[in-house]
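Asker: Just passing along the structure, written as structure tokens.
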Amino acid sequence: MPHRGELKILTGTANPALAEKICDHLGCKLTPALVSTFSDGEIRVEISDNVRGDDVYVVQPTCSPVNHNLMELCLMLDALKRASASRVTAVIPYFGYARQDRKVVPRVPISAKMVADFISVAGVHRVLTVDLHSGQIQGFFDCPVDNLYAAQVLLDTLRGLGPNLVIVSPDAGGTERARAYAKRLGVGLAIVDKRRDSPNQAHAMHVIGDVKGKIAVVLDDMIDTAGTMTEAGNLLAEQGAEDVVACATHPVLSGPAVDRLLASSFSKVIVTDTIPLNPKAAESDKFVVVSVGSLLAKAIHNIHSESSVSVLFR
């Protein structure tokens, strides 16, 4: 087995609480690093401990403020590269710009590829992420990418809702994800047929599948403005669902999302801590947060010990 040196975990300012949870599961302490902003707005990074020859993991989702957190990540990776770390893994629980993964209209960038290039040039050897918006983004990197599934931690919470479940995809694009959850839970599947009128605007049409008298779980990889999610939830309630629950990995919750969800038909909104929860959402009992800390810790342990990461996909 190649000698990678000591396992070290660092964090930027995007989600230090998740980094602490990962350290708790691994039984180690966060390696200190100064990450702050100069008075002119430029980011200051300084690694406070020796990392020469070490196996280093930087925990930094590129959530809002996206560009600031992305720049923090790149500067930390560069600092570690120049400090002669043996291997640097970017742990990006939420990968921003992931929805811009192809050209859908003329003269637009493929932003996800550009961001992957930024991170690669900064000096990353490996990327660890959770529920990429599209799996093809793994191919935008020239290094190994481990895309973990939050289903590992979300399924137990969903089982706790009772046996009378139906998993609902809020659009046709999420059907494969919803089917995978439904199969694991041994329950039915439904799809909301919707037509998108413009970016961040959607209009739900009708439900394909039986939801009457059931606990309908609307499942997606992220909740952004919550327009799609709340329309789907309200439609399911109208179609006779006994209860309606929202479930997503990444609580992006931009713009009017929190207000929409609080006013919606959902009795619960189940999310993970890939992104810190919006403070207003955190005050409400409607939001349930499930941690991916143990999942990421297992993956980091397996990568460090050069053992299989694929066992976490079973």
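The values are calculated or read from the model by the stated rules, or taken from the named source; none is laboratory data. Since the model is a prediction, treat every value here as computed from it, not as a measurement. Glycine gets a Cβ as well: all are built from the backbone with ideal geometry, and neighbour counts include every protein chain shown.
Asker: So which residues in the stretch 132-150 are within 19 Å of ILE110 (Cα to Cα) and among the charged types (D, E, K, R)?
Answerer: Residue satisfying the conditions is ASP142 alone.
Asker: Consider VAL104 against the criteria (1) out of contact with any Lys or Arg (no Cβ under 9 Å at 6 or more places or on another chain); (2) at pLDDT 95 or above; (3) not hydroxyl-bearing (Ser, Thr, Tyr): it satisfies all of them except one. Which criterion is unmet?
Answerer: Going through (1) out of contact with any Lys or Arg (no Cβ under 9 Å at 6 or more places or on another chain); (2) at pLDDT 95 or above; (3) not hydroxyl-bearing (Ser, Thr, Tyr) one by one, VAL104 breaks only (2).
Asker: Test of understanding: among VAL271, VAL258, VAL288, which residue is hydrophobic (A, V, I, L, M, F, W, C), at pLDDT 95 or above, in contact with a strand residue (DSSP E or B) (Cβ under 9 Å, 6 or more places away or on another chain) and in a helix (DSSP H, G or I)?
Answerer: Answer to the check: VAL258.
Asker: Any idea which of ALA263, ALA246, ALA281 is over 18 Å from the mean Cα position of the chain (by Cα) and either within 29 Å of PRO163 (Cα to Cα) or in contact (Cβ under 8 Å) with a residue 60 or more places away in the chain (or both)?
Answerer: Matching residue, one of ALA263, ALA246, ALA281: ALA263.
Asker: So, one more: Quick one: in the stretch 215-235, of everything that is modelled with pLDDT under 95 and among the hydrophobic types (A, V, I, L, M, F, W, C), which residue is surrounded by the fewest Cβ atoms within 10 Å (Cβ to Cβ)?
Answerer: LEU235
Asker: Which count do you get for residues in the stretch 56-107 that are within 15 Å of VAL252 (Cα to Cα), surrounded by 23 or more Cβ atoms within 10 Å (Cβ to Cβ) and of a type in the set (Ser, Thr, Tyr)?
Answerer: Selection size over the stretch 56-107: 2.
Asker: Another question about this same structure. Just checking, how many residues over the stretch 1-56 are of a type in the set (Lys, Arg) and under 19 Å from GLU306 (Cβ atoms)?
Answerer: Selection size over the stretch 1-56: 2.
Asker: Taking strands (runs of 3 or more DSSP E) that do not extend beyond the stretch 1-54, which have at least 3 residues that are in contact (Cβ under 8 Å) with a residue 60 or more places away in the chain?
Answerer: 7-11
Asker: Regarding SER198, is this residue among the hydroxyl-bearing types (Ser, Thr, Tyr), more than 21 Å from the chain's Cα centre (by Cα), modelled with pLDDT of 95 or more and surrounded by fewer than 24 Cβ atoms within 10 Å (Cβ to Cβ)?
Answerer: Answer is no for this residue.
Asker: Any idea how many residues of the stretch 298-314 are buried (at least 20 other Cβ atoms within 10 Å of the Cβ) and of a type outside the set (Val, Ile, Thr)?
Answerer: Summing the residues that are buried (at least 20 other Cβ atoms within 10 Å of the Cβ) and of a type outside the set (Val, Ile, Thr) in the stretch 298-314 gives 1.
Asker: Just a yes or no: is a residue in the stretch 52-66 among the small types (Gly, Ala, Ser) and closer than 30 Å to MET222 by Cα?
Answerer: Taking every residue of the stretch 52-66 in turn, at least one turns out to be among the small types (Gly, Ala, Ser) and closer than 30 Å to MET222 by Cα.
Asker: So, VAL252, is that one within 30 Å of VAL56 (Cβ to Cβ), in contact (Cβ under 8 Å) with a residue 24 or more places away in the chain, in contact with a strand residue (DSSP E or B) (Cβ under 8 Å, 6 or more places away or on another chain) and surrounded by 20 or more Cβ atoms within 10 Å (Cβ to Cβ) or not?
Answerer: It is true that VAL252 is within 30 Å of VAL56 (Cβ to Cβ), in contact (Cβ under 8 Å) with a residue 24 or more places away in the chain, in contact with a strand residue (DSSP E or B) (Cβ under 8 Å, 6 or more places away or on another chain) and surrounded by 20 or more Cβ atoms within 10 Å (Cβ to Cβ).
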